[in-house]
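Step one of this worksheet: look at the structure below.
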Amino acid sequence: MIAKKSGKMRAKGSFDRDMPRLVLIADDSDQLAATIEIALSGFPELEVVSVSDGARAYQCLSRDTSVCALVTDLNMPRMDGFELIERLRSNDRLSRLPVIAVSGDTDPRTPSRVLALGADAYFAKPFSPAELRDTLARLIGRGARE
């Protein structure tokens, strides 16, 4: 894992505006999304919702103000994680949303590229679900990007 500075689950893609805190997972791999959901299931009063591409993630984030963090893959259809992070950081309302990127990309420049775009942390696949959970807990606890 590379980082800048130091619930309940719902059906895939469903959103309720009355839930106070959501973590959105953007990943086209159902298996990886499920692994992340299980890793985050111990958070009290936190729901995990997943979508299969960056375009859907951006659409959800644009309309749902209860999302408190994003965990995104980098290689997805329609909109990849790089573009998703870039769009988030250029959107006034979403620019401070904590973002964790995960990827199986073997390019050694990927971690620094992702962090330069504004991700708060980067995990190479395979990664430790416990470490991802702990990083997310710190980011959510922080409340906003520094």
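Coordinate-derived values only; no laboratory data. Model, not experiment: these values are computed from the prediction.
Around the amide H of D105, modelled in the peptide plane, lie the amide H atoms of K125, all under 5 Å away and 5 or more residues distant in sequence or on another chain.
In this structure the amide hydrogen of T72, modeled in the peptide plane, comes within under 5 Å of the amide hydrogens of A26, I100, A101, V102, none closer than 5 places in sequence on its chain. In whole Å, how far is the Cα centre of region 116-130 from that of region 28-104? Distance between centres, Cα-based: 12 Å. Between E45 and N91, the contour length at 0.36 nm per residue exceeds the Cα-Cα span by 13.9 nm.
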